[in-house]
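> Before I ask anything, here is the structure I am working with.
The values are calculated or read from the model by the stated rules, or taken from the named source; none is laboratory data. Treat the numbers as computed from the prediction; the structure is a model and nothing was measured. For neighbour counting, all protein chains shown are included, and Cβ atoms are generated from backbone atoms with ideal geometry for every residue, glycine included. Please note that ligands, DNA and RNA were not included when accessible areas were found on the heavy atoms of the full protein model with its side chains. Shrake-Rupley method; radii C 1.70, N 1.55, O 1.52, S 1.80 Å.
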Amino acid sequence: MRRYDLVLEPDLPPVDFPLPPLPPGEDLWVFGYGSLMWRPGFDHKGIMDARLFGYHRSFCVSSVVHRGTRDNPGLVLGLDAGGSCRGKAILCPSDIREPVIDYLYRREMVTSVYVPKFVTLELLETGERATALTFVADPRHEQYCGRPTIEEAARIIASASGRGGPNRDYLKSTIDHLDEFGIREGPLHKIMTLVEQHERDG
């Protein structure tokens, strides 16, 4: 069990976004495709491999807080329309749904570039379908940057840093955990290779 505790990020401001309607007494699935996969930050009943159809994992979000600044934005992952995405389905107990959603809103929606959305997942271990809460990139938001090329992404990530540390560390941690989970993301590995080349070239 992972501990739910807002002290993990104590300075996150409240987010003015309504809580979704939830059937009483039901546990809540949360779909993680980035750091939520390995650092959900809340008590859960279990984590399962899952696939989401209709969205793919992409460096489509400019980061101006956690991995970049307004003057030198970085890049972080979002769910962008099209394709599919393998990730982790995290089962939140019903008795802590509301505080967990509040925590997730504060964590994921600092600048409102993500939109909370209920999606249908395939739980890969059982083949069952499940409805889950996740956060998709808002293409209307100023921080949405579309689909940068691998070369553009590497250049940005190699030079950016924010409150959460260097952007390249975010990429490296993502790749390490995807590899650990057996989730192969070829484009991310190619970006990392180019970032390391930027570092060698100075």
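> Using a probe radius of 1.4 Å on heavy atoms only, what accessible surface per residue do you get for segment 52-202? Whole Å² is fine.
45 Å²
> Rounding to the nearest 10 and keeping the result within 0 to 90°, find how far the Cα-based axis of helix 150-159 lies from the longest principal axis of the chain.
Relative to the chain, helix 150-159 is tipped by roughly 90 degrees.
> Per DSSP H run of n ≥ 4, the term is -39500 (n - 2.57); total these for the chain, divide by its residue number, and report the mean residue ellipticity at 222 nm rounded to 500 deg cm²/dmol.
When only DSSP H runs of four or more count, the value is -8000 deg cm²/dmol.
> Can you give the charge dipole size of the chain about its Cα centre, rounded to the nearest 20 debye, using +1 on the beta carbon of Lys and Arg and -1 on the beta carbon of Asp and Glu? Walk me through the numbers before you get to the answer.
On the way: 24 positive and 29 negative charges, 56 e Å.
Dipole size: approximately 260 debye.
> Turning to a different aspect of this structure: Please list the non-local residues whose amide H lies under 5 Å from the amide H of residue 44, H modeled 1.01 Å from N, same-chain partners needing a gap of 5 or more.
Long-range HN contacts for residue 44: 2.
> Go ahead and set up a Gaussian network model of the chain, Cα springs under 10 Å, then flag whichever of 146, 25, 87 fluctuates most.
Top of the fluctuation ranking is 25.
> Sticking with this one: How about residue 117: which lysines have a C-alpha closer than 20 Å to its C-alpha, ignoring those fewer than 8 places off in the same chain?
The reachable lysines, counting only those whose Cα sits under 20 Å from residue 117, are 88.
> Another question, if that's okay. Need one word for segment 80-125: rounded, prolate or oblate. Basis is the Cα gyration tensor (sqrt eigenvalues a ≥ b ≥ c); a/c below 1.5 gives rounded, then a/b vs b/c decides.
oblate
> Can you bin segment 34-102 into rounded, prolate or oblate? Criterion: square roots of the alpha carbon gyration tensor eigenvalues sorted a ≥ b ≥ c, rounded for a/c under 1.5, prolate for a/b above b/c, oblate for the rest. Show your work: numbers first, answer last.
Numbers: a/c = 2.68, a/b = 1.40, b/c = 1.92.
Oblate shape, in that a/c is at least 1.5 and b/c is the bigger or equal ratio.
> Compute the relative contact order of the chain as a whole-number percentage, counting only Cα pairs closer than 8 Å that sit 6 or more residues apart in sequence.
About 24 percent, as a whole number.
> Any idea how far apart residue 196 and residue 142 come out in nm if each label point goes 7 Å out from Cα toward Cβ?
3.7 nm
> Here is a follow-up. For a quick check: with amide H placed at 1.01 Å from N, whose amide H comes under 5 Å from residue 162's, ignoring anything fewer than 5 positions away on the same chain?
Placed amide hydrogens put 68, 167 under 5 Å from residue 162.
> To continue, here is another question. Expressed as a whole percentage, what fraction of the accessible surface of the chain belongs to carbon and sulfur atoms when a 1.4 Å probe is rolled over the protein heavy atoms?
On the way: 4910 of 9800 Å².
The value for the chain is 50 percent carbon and sulfur by accessible area.
> While we're here: Specify whether the C-alpha gyration tensor of segment 131-202 places it in the rounded, prolate or oblate class, a ≥ b ≥ c being the square roots of the eigenvalues: rounded for a/c under 1.5, otherwise prolate if a/b is larger than b/c and oblate if not.
oblate
> In addition: So if each residue of separation counts as 0.36 nm, and I subtract the Cα-Cα distance between residue 131 and residue 84, what length gain in nm does that give?
Numbers: separation 47, 0.36 × 47 = 16.92 nm, distance 1.56 nm.
Separation in residues times 0.36 nm, less the Cα-Cα distance, equals 15.4 nm.
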